Amino acid sequence: VKLTFTPIRRPGRETVGLIVVLQDVTEEEKLDRQRKEFVANVSHELRTPLTTIKSYLEALDEGGAMEEKELASRFLRVTRQEAERMTRLIHDLLQLSRLDAEKVRFHKQPLLLSEVLEDAADRFSVQCEQKEIDFTLSISDRLPRVYADRDQVDQVLDNLLSNAVKYTQAGGSITLSARKRSDGFITVSVADTGIGIPKKDLERIFDRFYRVDKARSRSMGGTGLGLSIAREMIRGHGGEIGIESQYGEGTTVSFTLPPCEPEVVR
Ligand code: ADP
């Protein structure tokens with residue numbers, strides 16, 4: 001709290017009062033701290049792959065790894081993977097900054113969610129099969145159309161489904177479902193029987209760069225921004241997104257989308 005004192009004086013007399021202004025600066029300071037933390041995180045996230053790239057290139061150039069064909073191609077593969085991760089990270093950062101600046105155009109239109117979800121299921125069923133994960137799509141009958149931007153809903157689904165695949169072991173299962181809520185909004189859920197998230201991490205899981213296990217997320221190719229992007233996109237639709245998880249048992253991420261009002265359909 002910032003305090004400012006201003007004395008009140010009558011002409012020719014001494015002080016007769018005091019104006020005290022109490023200013024709550026917690027929010028301001030919090031934002032400032034978050035901004036600094038974000039810049040530090042971005043720098044760190046970009047430096048990590050660069051350091052790897054540099055050391056592998058040095059090994060090839062000076063360490064004689066170039067002479068051994070197999071070793072050389074392994075080093076080049078890692079270098080390329082790290083470069084791809086940097087590209088992904090920059091893509092995600094740009095997307096977030098455009099969402100923050102409200103520069104993203106929402107091309108909202110009436111959407112049949114069942115179609116959107118079936119397409120998402122198709123995109124992920126091969127990955128699930130390869131990893132021996134059982135995939136189920138469950139859509140309740142007569143789901144009203146939603147009013148949403150197809151590309152953004154696709155992106156949200158991709159972020160949530162790729163997390164579910166990443167953090168679920170072979171033999172596990174993933175369920176993508178949709179149902180109507182009592183207020184008319186549609187709830188879409190991605191439930192998995194994966195590694196789960198400890199309770200203490202749950203409330204920060206949508207924060208930018210927050211991960212339960214940084215090393216694991218990185219080795220899986222994650223940027224730590226997927227959930228934050230999903231949250232911004234859902235909020236831009238007037239919906240909500242939430243997470244429930246039992247450590248060691250599984251995770252469910254659910255989001256809502258507004259129904260298509262009759263006047264919007266016209
Ligand atoms: P990342 O690129 O690291 O996956 P996200 O923002 O998508 O970034 O997710 C943040 C973190 O939340 C992940 O690093 C992981 O620790 C945790 N997480 C997200 N989804 C799941 C899930 N389905 N199961 C377990 N942990 C998850």
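The values are calculated or read from the model by the stated rules, or taken from the named source; none is laboratory data. Since we're looking at a predicted model, the values are computed, not measured. Cβ: placed from backbone, ideal geometry, glycine included. Neighbour counts: every protein chain shown. The protein model used for the area step is the full one, side chains on, heavy atoms only, and it has no ligands, DNA or RNA in it. Shrake-Rupley method; radii C 1.70, N 1.55, O 1.52, S 1.80 Å.
Just a few scattered comments:
- Of all the listed residues (E115, E68), the sole one being open to solvent by 90 Å² or more (accessible area, probe 1.4 Å) and under 24 Å from L257 (Cα atoms) is E115.
- Members of the stretch 196-219 found to be in contact with a helix residue (DSSP H, G or I) (Cβ under 9 Å, 6 or more places away or on another chain), within 26 Å of L117 (Cα to Cα), in a loop (DSSP other than H, G, I, E, B) and near the ligand (Cβ under 7 Å from one of its atoms), listed by number: I205
- Top-ranked residue in the stretch 118-129 [being under 20 Å from M220 (Cα atoms) and touching a strand residue (DSSP E or B) at 6+ places or on another chain (Cβ under 7 Å); ranked as surrounded by the most Cβ atoms within 10 Å (Cβ to Cβ)]: F124
- Selection count, the stretch 220-248, where residues are near the ligand (Cβ under 10 Å from one of its atoms) and assigned to a loop (DSSP other than H, G, I, E, B): 7
- Being in contact with a helix residue (DSSP H, G or I) (Cβ under 7 Å, 6 or more places away or on another chain), within 12 Å of the ligand (Cβ to nearest atom) and either outside any loop (DSSP other than H, G, I, E, B) or touching a residue at least 40 places away in the same chain (Cβ under 8 Å) (or both) is a property that V156 has.
- You will find that of D92, D100, the residue that is surrounded by fewer than 12 Cβ atoms within 10 Å (Cβ to Cβ), touching a residue at least 60 places away in the same chain (Cβ under 8 Å) and closer than 30 Å to I229 by Cα is D100 and no other.
- Flag if S189 is exposed (fewer than 14 other Cβ atoms within 10 Å of the Cβ), more than 9 Å from the ligand (Cβ to nearest atom) and either of a type in the set (S, T, Y) or within 26 Å of C128 (Cβ to Cβ) (or both): no
- Filter result for T6 (open to solvent by less than 100 Å² (accessible area, probe 1.4 Å) and out of contact with any strand residue (DSSP E or B) (no Cβ under 9 Å at 6 or more places or on another chain)): no
- Apart from one condition, Q109 fits all of (1) touching a residue at least 24 places away in the same chain (Cβ under 8 Å); (2) among the polar types (S, T, N, Q); (3) farther than 30 Å from P259 by Cβ; the exception is (3).
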